[in-house]
Amino acid sequence: QVQLVESGGGLVQAGGSLRLSCAASGRTFSSYAMAWFRQAPGKEREFVATISRSGDSTYYANSVKGRFTISRDNAKNTVYLQMDSLKPEDTAVYYCAAGRVFGSSGPLYDYWGQGTQVTVSS
């Protein structure tokens, strides 16, 4: 069992930056690929970024490529999402997820956090 707790969300102006963190419980964090997803009001959940178990592979949604960076620290059981050049359309609840398989599909991930709100004002 893995428990995930996100933090770092908030209100920021367009063009600004935020860094999200996701702390995982347990001693098997390095066994999981980690990902970030988001869900805006009235929209379906969408993939944002994923990182492999070792951290040497990453993959991003086209909408955030070049602006967001996913990273992980296996010694701290934490995954991060650095978000730069934020846009109003990035407004959403952001969720981190853990799974055994590296990929962009939600069903690949077995464990999910409760989410953290990110609001970007224009």
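Nothing in this text is a laboratory measurement; each read-out follows from the coordinates by a stated rule. Given the structure is predicted, the values throughout are model-derived calculations rather than measurements. Don't worry about glycine lacking a Cβ; one is built from the backbone with ideal geometry, like all the others, and counts go over all protein chains shown.
Compute the label zone of Ser17 within segment 60-75: residues whose backbone N is under 13 Å from the point 7 Å along Cα-to-Cβ. What the label zone holds, given the 13 Å backbone N cut-off, is 67-70. Across the chain, C-alpha contacts under 8 Å between residues 6 or more apart give a mean separation that, scaled by the residue count, equals a relative contact order of 35 percent.
Counting only the backbone N, which residues of segment 80-122 are under 16 Å from the spot 7 Å out from the Cα of Ser71 toward its beta-carbon? Inside the label zone: 80-85.
At an R0 of 30 angstrom, the distance between the Cβ atoms of Ser57 and Ser85 translates into a FRET efficiency of 0.80. DSSP beta bridges confined to the chain are antiparallel in about 90 percent of cases. For segment 26-40, putting each phi into the Karplus relation 6.51 cos²θ - 1.76 cosθ + 1.60 with θ = phi - 60° gives couplings of x, 9, 10, 3, 5, 8, 10, 6, 10, 8, 10, 10, 8, 9, 8 Hz, in residue order, rounded to whole numbers and with x for Gly and Pro. Segment Ser25..Ser121, full-extension length gain: 31.3 nm, with 0.36 nm per residue of separation and the alpha-carbon distance subtracted. The distance linking segment 1-43 with segment 62-78 is 9 Å (Cα centroid to Cα centroid, whole angstrom). When the P(r) is computed for the chain, the part past 18 Å accounts for 45% of the Cα-Cα pairs.
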